[in-house]
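*Asks:* Dropping a structure here in structure tokens format, bear with me for questions.
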Amino acid sequence: MRFPLAWRIFLGTALVVAAVLGGSLYLTARAAHRAAAAAAERGIAAIRAQVATQLDARARVLLDAARVFVQIPAFRSLLANGSPDDALDQAREAADRLGAEWVQLTDARGVRLAKSDEPHAPPVALGSMSLIQRALAGEAVAAYGRAGDSSLFHAVAVPVEGPTPGQLAGALMAALPLDAAAARALGTAAGGDVVVYLQPDGSEGATPR
């Protein structure tokens with residue numbers, strides 16, 4: 001069946017226009033998709049930067065509070081005496097004053113004297129922990145840790161000088177949880193949804209993602 005010349009011209013023109021429009025729509029859609037992906041990446045990067053800033057500020061506040069607490073002469077004297085009961089009382093008081101989830105104290109050898117949330121915590125050696133090692137070397141330090149398979153926490157450790165200047169009495173370690181409530185608070189402040197997790201790379205003190 002043959003179409004008149006006018007119809008053939010019309011159909012040919014329509015096909016060309018349709019192809020051009022289809023190509024234009026495709027290119028426009030690709031450009032829009034790339035722009036949306038780039039905007040999403042920028043948004044995620046901005047939220048991550050804000051969360052990192054908040055986590056750093058959180059650590060600084062806890063670290064500064066711990067530094068101030070260990071300067072209290074009565075605390076230093078009680079820790080130097082090494083009494084488990086006194087150490088437990090001081091650990092609980094420190095947790096309350098610092099707003100920490102828990103606080104544990106060690107002697108100058110890195111042996112735990114008390115843990116605020118575990119009245120019967122055994123006197124285990126904690127000197128192999130990086131945080132405790134560095135605190136007993138005279139450094140105030142902040143890092144991240146994991147308890148069990150899924151509990152993450154933000155921790156700080158500071159050295160405790162004894163009654164005699166220059167003589168180390170032990171170390172104080174304080175922790176704040178990085179749980180669902182903390183993630184919600186971080187997300188609210190950053191303007192997005194935040195999930196905190198730790199990659200199981202086996203490195204101590206790794207940074208949550």
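*Asks:* So for the pair residue 13, residue 111, with labels modelled 7 Å out along Cα→Cβ, what separation do we get in nm?
*Replies:* My value for the distance between the label points is 9.9 nm.
*Asks:* Determine the order of 118, 101 by accessible area, beginning with the largest, at a probe radius of 1.4 Å.
*Replies:* Numbers: 118 80, 101 115 Å².
Greatest to least solvent exposure: 101, 118.
*Asks:* To continue, here is another question. Which order do 173, 129 take by accessible area at a 1.4 Å probe, largest first?
*Replies:* Sorted by accessible area, descending: 129, 173.
*Asks:* Quote the charge dipole size of the range 27-120 about the Cα centre in Debye, to the nearest 20; the model charges only the Cβ of Lys and Arg (+1) and of Asp and Glu (-1).
*Replies:* Values: 13 positive and 12 negative charges, 159 e Å.
Here the size comes out at about 760 debye.
*Asks:* Moving on to the next point. Taking H as built 1.01 Å from N, whose amide H comes closer than 5 Å to the amide H of residue 162, not counting residues under 5 places away?
*Replies:* Under 5 Å from the amide H of residue 162: 167, 168, 169.
*Asks:* Next up: Once you keep just the Cα pairs under 8 angstrom separated by 6 or more residues, what percentage relative contact order results for the range 85-177? Before the final figure, lay out the partial values.
*Replies:* Details: 197 pairs, mean separation 25.1, N = 93.
Worked out over the range 85-177, it gives 27 percent.
The values are calculated or read from the model by the stated rules, or taken from the named source; none is laboratory data. Just so it is clear, the structure is predicted and the values come from calculations on it, not from any experiment. Here Cβ is always computed from backbone atoms with ideal geometry, including for glycine, and neighbour counts include all displayed protein chains. Remember, those area values only see protein heavy atoms, side chains included, never the ligands or the DNA or RNA. Shrake-Rupley method; radii C 1.70, N 1.55, O 1.52, S 1.80 Å.
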